[in-house]
Amino acid sequence: DSGVTQTPKHLITATGQRVTLRCSPRSGDLSVYWYQQSLDQGLQFLIHYYNGEERAKGNILERFSAQQFPDLHSELNLSSLELGDSALYFCASSVGRLTNNEQFFGPGTRLTVL
Amino acid sequence: GENVEQHPSTLSVQEGDSAVIKCTYSDSASNYFPWYKQELGKGPQLIIDIRSNVGEKKDQRIAVTLNKTAKHFSLHITETQPEDSAVYFCAASTFVPETDKLIFGTGTRLQVFP
């Protein structure tokens with residue numbers, strides 16, 4: 001158990017819908033990262049927050065947005081969903097603001113768009 | 001943009017044999033290189049990392065080597081065991097502010113046969 005929690009574990013929805021994925025980092029970690037893992041693909045970096053502020057963006061679609069709240073939990077919002085958005089979404093947390101700190105991954109949320 | 005290539009995509013070995021996974025990176029400013037292991041149904045977990053001021057690092061049966069001139073790094077697992085079976089991801093980052101992000105390879109599925 002990494003100490004990072006993600007909810008829900010599974011999500012099935014229809015095209016055009018909007019969903020929210022939630023992540024609670026390990027106690028004491030200030031950074032939260034979001035990644036997308038499609039079938040047989042590696043981990044694609046989406047976005048990084050540190051202590052409530054956005055630090056870096058990857059190839060995150062404009063239909064996707066995220067935020068980190070004062071209690072440090074984070075939410076990833078996916079809107080106007082398409083079939084191609086079906087994937088595993090992981091969040092990870094780390095203690096510092098730089099990527100050279102170990103990232104602890106949650107168990108992921110499996111999103112299926114029908 | 002930054003890119004990390006990883007080979008092979010699949011690797012099958014007999015228990016007790018060694019396994020080697022190789023990665024190359026494109027950004028010469030990269031200076032942090034972690035390796036993650038992802039077991040079925042779980043999030044990735046850091047197994048070893050190396051920084052650019054070091055050429056080799058060992059942790060029991062696992063070792064990582066880095067050649068900055070050639071921009072490649074490798075994971076070596078000796079005396080493989082069935083529980084080593086998993087998907088392994090290499091990654092690289094520069095930890096330069098604003099562009100600091102972990103770029104992952106596409107993964108290697110390692111199967112260790114008893």
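Rule-based calculations on the coordinates, nothing more; no lab input. On a predicted model such as this, the values are computed, not experimentally measured, just so you know. Here the Cβ is made from the backbone with ideal geometry for all residues, glycine too, and neighbour counts use every protein chain on show.
Here the 3J(HN,Hα) profile of segment B:64-74, calculated from phi with Karplus coefficients 6.51, -1.76 and 1.60 at θ = phi - 60°, is 10, 10, 10, 10, 5, 5, 8, 6, 9, 9, 9 Hz, Gly and Pro shown as x.
When each of the peptides B:20-29, B:50-59, A:25-34 is scored by how many other beta carbons lie within 10 Å of its residues on average, the order from highest to lowest is A:25-34, B:20-29, B:50-59.
Neighbouring Cβ atoms from other chains, within 10 Å of the Cβ of residues in A:93-104, number 5 on average.
Amide H contacts of B:Ser12: B:Gln111, each under 5 Å away and 5 or more positions distant or on a separate chain (H built 1.01 Å from N in the peptide plane; Pro and chain starts excluded). Straight-line cross-link partners of B:Lys42 among the lysines, defined as a Cα under 19 Å from its Cα and at least 8 positions apart when in the same chain: A:Lys9. Take B:3-12, A:95-104 and order them by the average number of nearby Cβ atoms within 10 Å per residue, most first; the result is A:95-104, B:3-12. Mind scanning B:Lys58/B:Lys101; A:Lys57/B:Lys58; B:Lys22/B:Lys57; A:Lys57/B:Lys57 and naming the pairs with a C-alpha gap bigger than 23 Å? Checking Cα-Cα distances, B:Lys58/B:Lys101; A:Lys57/B:Lys58; A:Lys57/B:Lys57 exceed 23 Å.
If only the Cβ of Lys and Arg carry +1 and only the Cβ of Asp and Glu carry -1, the dipole of chain B around its Cα centre is close to 140 debye.
Extension gain, B:Gln111 to B:Arg61: 0.36 nm times the residue separation minus the Cα-Cα distance gives 16.4 nm.
Taking a Cβ cut-off of under 10 Å around B:Ser28, the surrounding Lys, Arg, Asp and Glu residues balance to a net charge of +1, with basic ones at +1 and acidic ones at -1. Applying the Karplus relation 6.51 cos²θ - 1.76 cosθ + 1.60 with θ = phi - 60° to segment A:91-97 yields 3J(HN,Hα) values of 10, 9, 10, 8, 6, x, 9 Hz, where x marks Gly and Pro. Excluding same-chain neighbours fewer than eight residues apart, the aspartates and glutamates reachable from B:Lys37 by a Cα-Cα span under 16 Å are A:Asp1, A:Asp40, A:Glu102, B:Asp49, B:Asp59, B:Glu83, B:Asp84. In whole percents, the pair-distance distribution calculated for chain A from its alpha-carbon pairs, binned every 5 Å from zero, is 2, 13, 24, 26, 19, 10, 4, 1. Mind jotting down the distance between the C-alpha centroids of segment A:86-108 and segment B:35-114, whole Å? Result: 15 Å between the Cα centres. Basic side chains Lys and Arg get +1 at the Cβ, acidic Asp and Glu get -1 at the Cβ, and with that the dipole of the protein assembly as shown about its Cα centre reaches some 120 debye.
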